[in-house]
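Values in this text are rule-based calculations from the coordinates and carry no lab data. Small disclaimer: the values here were computed from a predicted structure and weren't measured. When we count neighbours, we look across all protein chains shown, and the Cβ atoms used for this are built from the backbone with ideal geometry, even at glycine.
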Amino acid sequence: MGRLLVLWLLIGGTACSFSGTQPQAAKSAAPQRPARAAPTPAPTPALPPYYVESLRARSYPGGSLQVGQLMFHGAGFSKYHMTWPSGGQTMTGTISLPDGPGPFPVVVVNHGFIPSSRYWIGQDSGIFGDPMASHGFISVAPNWPGYAGSGPGAPDLPPIVQEAVATLDLVSSLATLPQADMRRIALIGHSNGGGISEIGMVVDPRIKAVVLHGPVSSDMADNARKWWLTTPGGTGSIGSPDANPTGYAHLSPRNYFAASDPPTLIIQGTSDQDIPAAWTQATLASLQSKGIKSKLSLYPGAMHDFAGANLSNAVTEQENWIRQAFGMPALT
């Protein structure tokens, strides 16, 4: 009986000891999620190249302005052919250089629309620039891309923007001309050249004065509906205003006028048969609403192309406006 008791105690004790040391099932580790990379912002889509925002961000390297063959000697100046680079192309134009070493202030004259088949070098630009060359201003007048030996413009830009880009590359190229005063540069534009100058003034802060003679609308949709849609290649890749209203809004200088823009004079005949008076009044109102020094000078009875006394008086008014902007004395 004693042995049985001892044996029972040994078995029970062993059972208790075994139970106390029974291994527990290992807890399974929680699966580790792979570390997530920080989110990368989606790239902002590039704006179309003809938007004013894109034109402001664009570089205008220009290059060496080459004075070419003499055209003629004027009163106190000489007029030459010239070339400069733009967009990998050679552009052509004219330059009227005052006698003397300079430095001279500069006017860049943008001519109006003339079909390339009827255009002759200096047409619709010499009448505005050469009188100022007689008074100590360098006058440069670009031939549009594809005109008179100028290379083509970039195919992704509508014609008026191609012309503005070539003009601003010309402004950059003036730095290679020892006689040019790069602190005093003005834009002068007639008709469609006024539209080119409107674009230039809201894009390039180097422009310090602007004179617009019977300019096209500062709302480019107006110009498209009146002319571009019926002109082969007139709208380029931007289509019609009805199909692309946002594109036209971003191309229209009126939507980008700012108080820091240069003083702007508009000269127009009251009988202008090409440019509606309402367009000009709307441009003036927009300029003035932004605090830009601006003025509209109306010539009674004058048509789109000035001649005779109207032209002479307009050019004098043009020069005095630019002289005032440059801090120069007025003509006497």
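The figures follow:
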read-out	value
Lys pairs under 28 Å by Cα in segment 64-326, provided they are eight or more residues apart or on distinct chains	6
For residue 75, net neighbour charge (Lys/Arg +1, Asp/Glu -1) across residues whose Cβ lies under 13 Å away	-1
Positive dipole terminus of the chain, leading residue within 257, 283, 57 (C-beta point charges)	57
Rounded tilt (10° steps) of 308-326 against the dominant C-alpha axis of the chain	50 degrees
Long-range HN-HN contacts of residue 110 with modeled amide H, under 5 Å	188, 189, 190
Column: log10 I(q)/I(0), Debye, Cα scatterers of segment 174-230, q = 0.13, 0.30, 0.31 Å⁻¹	-0.40, -1.15, -1.18
Pairwise Cα inverse-distance average, inverted: Kirkwood Rh of the chain (Å)	22.6 Å
Ranked list, fewest to most other Cβ atoms within 10 Å of each Cβ, for 59, 312	59, 312
Relative packing of peptides 180-191, 141-152, 111-122 - highest average C-beta neighbours within 10 Å first	180-191, 141-152, 111-122
Summed side-chain charge close to residue 256 - residues other than residue 256 whose Cβ falls under 9 Å, Lys, Arg +1, Asp, Glu -1	0
Computed over segment 243-310, the ratio Rg/Rh where both radii use C-alpha atoms and Rh is Kirkwood	1.05
Hydrodynamic radius (Kirkwood) for segment 48-174, which is based on Cα pairs only, to one decimal in Å	14.8 Å
Considering only segment 68-204, percent of DSSP beta bridges that pair antiparallel, nearest 5	65 percent
Cβ-defined net charge surrounding residue 182, 11 Å radius [Lys, Arg +1; Asp, Glu -1]	+3
For segment 108-265, diffusion coefficient by Stokes-Einstein and Kirkwood Rh (Cα), 20 °C, 1.002 mPa s, µm²/s	134 µm²/s
DSSP bridge orientation in segment 64-326 - percent antiparallel, rounded to nearest 5	45 percent
Over segment 64-326, relative contact order from alpha-carbon pairs under 8 Å, at least 6 apart, %	16 percent
